[in-house]
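Have a look at the structure below, then the notes.
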Amino acid sequence: MLAGTATLLAIALYLCSRFTRQARLRRTPFAVWRDVSLATVAAALALYLWGCLHVFFLDDQDQSEECELQRPEGVPRLVGLRGDFIPLRLVCEASSGRDYSVIIPGYINPSIAVLLLLALACALVSALLHLKQRPATRKKG
């Protein structure tokens, strides 16, 4: 949680620095795509931390109660809990071997996946634009 928060803060500060007058004057297409990629990574990280907070503020007793409340019909007694970080989820384990997730909102993991794919696409566009720009600057020099 602390490392994720520090990383999110660092990315946010960097992106804010990109709005200064000097940075706007030196803006290039590849830098804009790079910054969009970083912004989507920051959004994905913020969602991940939001999902972690759902688990962080519940003690073991509250987590067990939540498992019992959301236990599907036909599922026998619960035998344990486990947390997975990728994908982010809190899994309730039943004695029948059937598992189910609780607490983490259903939109967290799909949203993170979409944002990370978007970040990858933006990073690839940025890299391609940067490679196109480099040979042009070599010819001039």
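Each reported figure results from applying straightforward, stated rules to the coordinates on display, with no laboratory input. Quick caveat, the model's predicted, so the values are computed rather than measured. Every residue, glycine among them, receives a Cβ derived from its backbone with ideal geometry; neighbour counts consider all protein chains shown.
Counting Lys and Arg as +1 and Asp and Glu as -1, each charge on the Cβ, what is the dipole of segment 59-102 about the Cα centre in debye, to the nearest 20? Before the final figure, lay out the partial values.
Working: 5 positive and 10 negative charges, 55 e Å.
The dipole magnitude comes to about 260 debye.
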Exercise. Say the dipole of the chain comes from +1 at the beta carbon of Lys and Arg and -1 at that of Asp and Glu; which of 51, 83, 10 then lies farthest toward its positive end?
Worked result: 10
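For the chain, give the magnitude of the charge dipole about the Cα centre (Cβ charges: +1 Lys/Arg, -1 Asp/Glu; no others), in debye to the nearest 20. Intermediate results must be reported in sequence, preceding the final value.
On the way: 16 positive and 11 negative charges, 413 e Å.
That gives the chain a dipole magnitude of about 1980 debye.
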Problem set entry | In order through segment 33-43: 3J(HN,Hα) via Karplus (6.51 cos²θ - 1.76 cosθ + 1.60), integer Hz, x for Gly, Pro | 5, 4, 5, 5, 4, 5, 5, 5, 5, 5, 5
For this session: With springs connecting C-alpha atoms under 10 Å apart, model the chain as a Gaussian network and identify which of 119, 127, 44 has the largest mean-square fluctuation.
Result: 127
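I need the semi-axes of the equivalent ellipsoid of the chain: take the C-alpha gyration tensor, multiply each eigenvalue by 5, square-root it, list largest first in whole angstrom.
Values: eigenvalues 397, 52, 17 Å².
Ellipsoid semi-axes (Å, largest first): 45, 16, 9.
What FRET efficiency, computed as 1/(1 + (r/R0)^6) with R0 = 35 Å and r the Cβ-Cβ distance, is obtained for residue 70 and residue 16, rounded to the nearest 0.05? Display every interim value, and only then the final one.
On the way: r = 40 Å, r/R0 = 1.15.
So, using R0 = 35 Å, E works out to roughly 0.30.
List 32, 41 from most exposed to least, where exposure is judged by having the fewest other Cβ atoms within 10 Å.
So the residues, fewest neighbours to most, are 32, 41.
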Exercise. For residue 99, what is the net charge nearby, where nearby means another residue's Cβ is under 12 Å from its Cβ and Lys, Arg count +1, Asp, Glu -1?
Worked result: +2
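Given an 8 Å cut-off on Cα distances and at least 6 residues of separation, report the relative contact order of the chain as a percent. Let's see the in-between values first.
Numbers: 140 pairs, mean separation 42.1, N = 141.
The normalised contact order for the chain reaches 30 percent.
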Exercise. Which distance in nm do the two modelled labels at residue 86 and residue 99 give, with both placed 7 Å along the Cα-to-Cβ direction?
Worked result: 1.6 nm
Seminar exercise, completed: Short to long, in 10 Å steps from zero, the percent of alpha-carbon pairs of segment 70-141 per bin is 16, 26, 19, 14, 11, 8, 5, 1
Seminar exercise, completed: For the chain, any Cys whose C-beta has no other cysteine C-beta under 4.7 angstrom counts as unpaired, and these are 16, 52, 122
